[in-house]
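Read through the structure below, which is laid out as structure tokens, and then see the notes.
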Amino acid sequence: MESSNQSQVTSVYKQLLNAWNHQNARAMADLFADDGELIGFDGSQSVGQTEIFEHLAPIFEHHRTAAFVSKVKSVRFLSQDVTILRAIAGMVPPGQSDIDPNVNTHHTLVAQHIRGNWRIQLFQNTPAQYHGRPELVEQMTAELRQLL
């Protein structure tokens, strides 16, 4: 059962990134619980599906966003209905074919099984700048480049 749930949670995460990569604010927001939270790369916070949609829609309307490339590092169950997924991600700017190491990030997703579906309670996108340790940025970028 846990393996099936792990696959389902990983699928929700991949759906989230796919929605971002296709600039689909509605699809992204719909993956969250009614009171789910999004914390963006810049620290901005949106709570609830409506606010998340209202935050993302103008971004997609006015900008060609970079596409995520990611690797799930772990999925850990806190209970049978709550899990934490941790991943690393890089971004490929529009019109380019390589990851921009300046915007590498750690993703943390907390999901809860609600009424038969996994919903995102928290998605946090934390910059992986590794101040003063450029070798760690290079290692992360090399790991992500293998996925291109």
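Observations
- Karplus 3J(HN,Hα) series, Hz, for the range 25-35 with 6.51 cos²θ - 1.76 cosθ + 1.60 (x for Gly, Pro): 5, 5, 4, 5, 4, 5, 7, 8, 5, 3, 10
- All other residues whose Cβ lies under 14 angstrom from that of Ala57 are scored, Lys and Arg at +1 and Asp and Glu at -1, for a net of -3.
- Net charge dipole size for the range 20-102 [Lys, Arg +1 and Asp, Glu -1 on Cβ; Debye, nearest 20]: 460
- Selection among Val92, Ala142, Phe32 by position relative to the dipole of the chain gives Ala142 as farthest towards the positive end (Cβ unit charges, Cα centre).
- Ranking Leu78, Gln129, His106 by Cα position along the charge dipole of the chain, where only Lys, Arg, Asp and Glu carry charges on their C-beta atoms, puts Leu78 farthest toward the positive end.
- Top of Ile120, Ile99, Ile59 by mean-square fluctuation, Gaussian network on the chain, Cα under 10 Å: Ile59
- Gln146-Thr65 FRET efficiency (beta carbon distance; Förster radius 22 Å; 0.05 resolution): 0.45
- Were the residues from Ser74 through Asn102 laid out at 0.36 nm apart, the gain over their Cα-Cα distance would be 7.8 nm.
- Debye, to nearest 20: dipole size of the range 99-148, +1 on Lys, Arg Cβ, -1 on Asp, Glu Cβ: 360
- If you bin all the Cα-Cα distances of the range 93-148 at 5 Å, starting from zero, the percentages per bin are 4, 16, 19, 17, 14, 13, 9, 6, 1, 0.
- Computed over the range 1-123, the Cα gyration tensor eigenvalues convert (square root of 5λ each) into semi-axes of 24, 18, 12 Å, ordered from largest to smallest.
- Difference of contour (0.36 nm per residue) and Cα-Cα distance, Ala57 to Gln45: 2.9 nm
- Only DSSP H runs of four or more residues enter the estimate; each adds -39500 (n - 2.57), and after division by the residues of the chain the mean residue ellipticity at 222 nm equals -11000 deg cm²/dmol.
Since every read-out is calculated from the coordinates, none of them should be taken as a lab result. All values derive from a computational prediction rather than experimental measurement. Using ideal geometry, Cβ is built from the backbone for each residue, glycine included, and neighbour counts are taken over all protein chains shown.
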